[in-house]
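**Q** Before I ask anything, let me first share the structure, which is written out below as structure tokens.
The values are calculated or read from the model by the stated rules, or taken from the named source; none is laboratory data. All values derive from a computational prediction rather than experimental measurement. Virtual Cβ from ideal backbone geometry, glycine too; neighbours counted across all protein chains shown.
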Amino acid sequence: MPEINEELRKMQNTYEKILEDLPETRESVIPALQLVQKSRGYLPGDGLEFIADYTDTPLANVYSIATFYSQFYLEPQGEHTVKVCQGTACHIKGANEIYEALLGKLGIAPGEVTPDGKFTLTTVRCLGACSLAPVMMVDDKVYGNQTPDEARDVLDEYRD
Amino acid sequence: MSEELNTKKTQVLSEDGVVKIMVCAGTGCQSSGSLEVFDRLQEEIDDLDENIKVGLLSDNGNEDINEVEVEISGCHGFCDEGPLVRVDPMGILYTNVVVDDVESIVEDTLKRGKLAEDLCYRSADGTLYAKEEEIPFYKGQRRLVLGNLGEIDPESIESYKETGGYNALEKALTDMTPKEVWGEVLNAGLRGRGGAGFPTGKKWQFTYEEDADQKYVIANCDEGDPGAFMDRSLTEGDPHRVIEGITIAGYAIEATKGFIYVRAEYPLAVKRVNKAIDDAYENGYLGEDIFGSGFDFDLEVKRGAGAFVCGEETALISSIEGRAGRPQPRPPYPAQSGLYGQPTTINNVETLGNVPMIIRNGSDWYSSIGSENSPGTKTFAITGDVANTGLIEVPMGITMREIIYDVAGGMDSDRDFKAVQIGGPSGGCLPEKHLDIPLGFDSLQEVGAMVGSGGLVVMDENSCMVNVAKFFLNFIQDESCGKCTPCRDGTKRMLEILERLTEGEAKPNDIDRLEELSHYVKESSLCGLGQTAPNPVLSTLRYFRDEYEAHLEGRCPAGVCFDHE
């Protein structure tokens, strides 16, 4: 069908543009995955295929790399990604209570997206802001010295 | 106090006539709002008209000075008192500064030359400290590698050069042969700051002695240990030091290409180091024929993608080559066959941060600091249940007791000290009785811990040691790459036992089984991750076995586990 081909070609052009500065070699697989994810919010199948082609790397290897590193997502993510730090300092300062409170508030399982598409909630192994433990991060912003109530309030700021 | 400040101010100001306000832009202070403080300060300073600027110093009778600069700085380390604002040349440190405090800094300190006392640090006994270096947190420290943090603008190469930056590179390239460079580092006794403590000069010598067309040098900034952020702060706060260090390393081993591998979770470090690399190229400290010496060196940043195991050198190499980061058996060591099969040196960024001052001041100077087998200083991220958490740098040979009670100000509550976790998932928990051991690579290993990368987490009696061991095993299970069986499956079985213990479902011989498994995993895993993974379990078993036994009986002495009962 012509429309689908048209769509595909458009996507291909987009990927080509995203990756234009990268050499077409295997070393580019990880940077390419990072760029595509940055642009699309996750790694769609056609993105993986394009990267495999572009870097001359078998698709299976690209998939293996995408699933090995915790930074990559194969499913669409919420508009905002909430990461609760589970580093040592945060752990002993009560990070779990924050995490449970947010899971409760959002009513989702770890890694899931809220039905309204607003949030994804995950944990992260140390954000390196240990002096402010317990810490959480919404997108690129770090929130320190959180209590369960404060953490819930932070999410409300992102609601509107 | 303010009397003395004013005197000092007049003295120093008469030399260069600039008041510098440095706002900490480390990750900790940024998340507490330091950039908003910076913006407001900038606005207020811009609004000052010429007359007021002169008025600022008229108290001291010095009319020549009329310039105020506002800059950002790297991490001061005193993170839980942030956002931090330093006023130079007086050396005043203002703590917990919020946007509304800016007015007081401008009105009191800048216009009237007075201390804004409300913003000064006060210790628990109420003593007010105006100057940064007088605060007890800094007194017990020896800040060499972190010396520039908080005092220079990490985004300005000029700022780094004013501290003598790139002099060491010039000296190495124009006055020394590569052999002399690694010889100096070898004589200095510098040992790897990434954890294992291998002599850096030896590593360089091995790579230097390999004959190859292309060699590589890599700076490891894949700081993955939970509870550690030294490498992040150094790279964010003084990126040129790392660049100077790696370029000297490149010269010493005759490599012409270097990489700085930065962890995915550190976007600010990536940004700062990229800017620094561009500036270094522009100034001729990278690229072709550096200092007219004929030495060429190219440097680029590689970003990690979220895998703890990539801190292991062979896994890191796989990651740069564009593969999943799984370790390879050693030998061959990277010095023989590393990146793309070529001889490669991999050093931790803190290790490289030590290099410029060794070249500048000589190995004798360096080896006079610290202890005999562990010269120099070590940076630590001290966190947990202590009064002052943050980033510190202390001479080797200091005791853990001095670190916890003098530098970090002791426990943050009335509760007693229980243990200090050192070395992250590869290290161990030390009890009170070992707090007087002098800090060193070998001395800590003897008691079942390790210096590691530098995470120090202090725990009071409310922490359950079995739960802490479970925490680390959980981490290891998540991060095991799955390549070798002992690590992949062994740590899983260990975790299951710890889960049973903490949930009240333990079997009578579980503790013995856990201990036995720990030894198997330690001895038979492929890489450092698995070989050191049992350490948190073994060290807690060694010093807190009674807690494990209590869990067998369904009791958690700290009251952490069995929360369903």
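**Q** Could you pull out the residue among A:I108, A:I98 that is at pLDDT 95 or above and either away from chain B (no Cβ under 14 Å) or in contact with a Pro (Cβ under 8 Å, 6 or more places away or on another chain) (or both)? Don't jump to the end; show me each part of the working.
**A** Working: A:I108 fails: at pLDDT 95 or above.
Result: A:I98 is the single residue among A:I108, A:I98 that is at pLDDT 95 or above and either away from chain B (no Cβ under 14 Å) or in contact with a Pro (Cβ under 8 Å, 6 or more places away or on another chain) (or both).
**Q** Taking B:E265 as the residue in question, decide whether it is under 21 Å from B:A381 (Cα atoms), within 14 Å of chain A (Cβ to nearest Cβ) and in contact with a helix residue (DSSP H, G or I) (Cβ under 6 Å, 6 or more places away or on another chain).
**A** Answer is no for this residue.
**Q** Counting only residues that are in contact (Cβ under 8 Å) with a residue 12 or more places away in the chain and in a loop (DSSP other than H, G, I, E, B), which one in segment A:18-43 is farthest from the other protein chains (Cβ to nearest Cβ)?
**A** A:G41
**Q** Here is a follow-up. Here are the criteria: (1) touching a Ser or Thr at 6+ places or on another chain (Cβ under 6 Å); (2) without any contact (Cβ under 8 Å) to a residue 12 or more places away in the chain. Tell me which single one B:R193 does not satisfy.
**A** Of the numbered conditions (1) touching a Ser or Thr at 6+ places or on another chain (Cβ under 6 Å); (2) without any contact (Cβ under 8 Å) to a residue 12 or more places away in the chain, the odd one out for B:R193 is (2).
**Q** Okay, next question. What's the total number of residues in segment B:450-464 that are within 11 Å of another protein chain (Cβ to nearest Cβ) and either aliphatic (A, V, I, L, M) or within 15 Å of B:L430 (Cα to Cα) (or both)?
**A** Here the count works out to 8.
**Q** Which residue pairs have Cβ atoms closer than 6 Å, lie 6 or more positions apart in sequence or on different chains, and pair a first residue in segment B:126-139 that is without any contact (Cβ under 8 Å) to a residue 40 or more places away in the chain with a second residue that is surrounded by 21 or more Cβ atoms within 10 Å (Cβ to Cβ) and in a strand (DSSP E or B)?
**A** Taking only residues 6 or more apart or on different chains, the pairs are B:Y129/B:Y121.
**Q** Oh, and also: Determine, yes or no, whether B:G150 is modelled with pLDDT of 95 or more, buried (at least 19 other Cβ atoms within 10 Å of the Cβ) and not in a helix (DSSP H, G or I).
**A** Spelling it out, it is not the case that B:G150 is modelled with pLDDT of 95 or more, buried (at least 19 other Cβ atoms within 10 Å of the Cβ) and not in a helix (DSSP H, G or I).
**Q** Filtering segment B:17-47 down to residues that are at pLDDT below 85 and among the acidic types (D, E), which residue is farthest from B:A269 (Cα to Cα)?
**A** My answer is B:D47.
**Q** Restricting to segment B:199-237, name every residue that is within 24 Å of B:G304 (Cα to Cα) and surrounded by fewer than 20 Cβ atoms within 10 Å (Cβ to Cβ).
**A** B:Q214
**Q** Test each condition in (1) part of a helix (DSSP H, G or I); (2) over 19 Å from B:F471 (Cβ atoms) for A:Q77 and report the one that comes out false.
**A** (1)
**Q** Would you call B:S413 surrounded by fewer than 17 Cβ atoms within 10 Å (Cβ to Cβ) and out of contact with any Pro (no Cβ under 9 Å at 6 or more places or on another chain)?
**A** Criteria met by B:S413.
**Q** Of everything in segment B:385-405 that's out of contact with any Gly (no Cβ under 6 Å at 6 or more places or on another chain) and part of a loop (DSSP other than H, G, I, E, B), which residue is nearest to the other protein chains (Cβ to nearest Cβ)?
**A** Only one residue fits best here, namely B:T389.
**Q** Another question, if that's okay. I'd like the residue in segment B:365-384 that is surrounded by fewer than 22 Cβ atoms within 10 Å (Cβ to Cβ) and touching a residue at least 24 places away in the same chain (Cβ under 8 Å) and, out of all such residues, is farthest from the other protein chains (Cβ to nearest Cβ).
**A** B:S367
**Q** Output yes when any residue across segment B:276-290 is outside any loop (DSSP other than H, G, I, E, B) and within 30 Å of A:V82 (Cα to Cα), and no when none is.
**A** no
**Q** Somewhere in segment B:93-100, is a residue touching a Phe, Trp or Tyr at 6+ places or on another chain (Cβ under 8 Å), closer than 28 Å to B:P239 by Cα and at pLDDT 85 or above?
**A** yes
**Q** Now for a different question. Check B:D296, B:D289 and return the single one that is touching a Gly at 6+ places or on another chain (Cβ under 8 Å), more than 14 Å from chain A (Cβ to nearest Cβ), charged (D, E, K, R) and surrounded by fewer than 20 Cβ atoms within 10 Å (Cβ to Cβ).
**A** Going through B:D296, B:D289 in turn, just one is touching a Gly at 6+ places or on another chain (Cβ under 8 Å), more than 14 Å from chain A (Cβ to nearest Cβ), charged (D, E, K, R) and surrounded by fewer than 20 Cβ atoms within 10 Å (Cβ to Cβ): B:D296.
**Q** Further, regarding this structure: Could you pull out every one of the strands (runs of 3 or more DSSP E) wholly within segment B:67-130 that has 1 or more residues that are of a type in the set (F, W, Y)?
**A** Working: elements: B:67-73, B:85-88, B:92-94.
Result: B:92-94.
**Q** In the list B:G482, B:G490, B:G455, B:G530, which residue meets the criterion of being touching a helix residue (DSSP H, G or I) at 6+ places or on another chain (Cβ under 6 Å) and assigned by TED's automatic domain parsing to the domain that holds B:A419?
**A** B:G455
For every residue, the table says whether it meets (1) under 20 Å from B:F475 (Cα atoms); (2) in contact with a Ser or Thr (Cβ under 8 Å, 6 or more places away or on another chain); (3) within 14 Å of chain A (Cβ to nearest Cβ); (4) not aliphatic (A, V, I, L, M).
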position	(1), (2), (3), (4)
B:D414	no, no, no, yes
B:A419	yes, yes, yes, no
B:I422	yes, no, yes, no
B:S426	yes, yes, yes, yes
B:K433	no, no, no, yes
B:F441	no, yes, no, yes
B:G448	yes, yes, no, yes
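**Q** Just to be sure, is B:N462 out of contact with any His (no Cβ under 6 Å at 6 or more places or on another chain) and assigned to a helix (DSSP H, G or I)?
**A** No, not satisfied.
**Q** Could you name every one of the strands (runs of 3 or more DSSP E) located completely within segment A:117-160 that has at least 3 residues being in contact with a Phe, Trp or Tyr (Cβ under 9 Å, 6 or more places away or on another chain) and of a type in the set (A, V, I, L, M, F, W, C)? Working first, answer last.
**A** Values: elements: A:119-124, A:136-138, A:141-143.
It comes to A:136-138.
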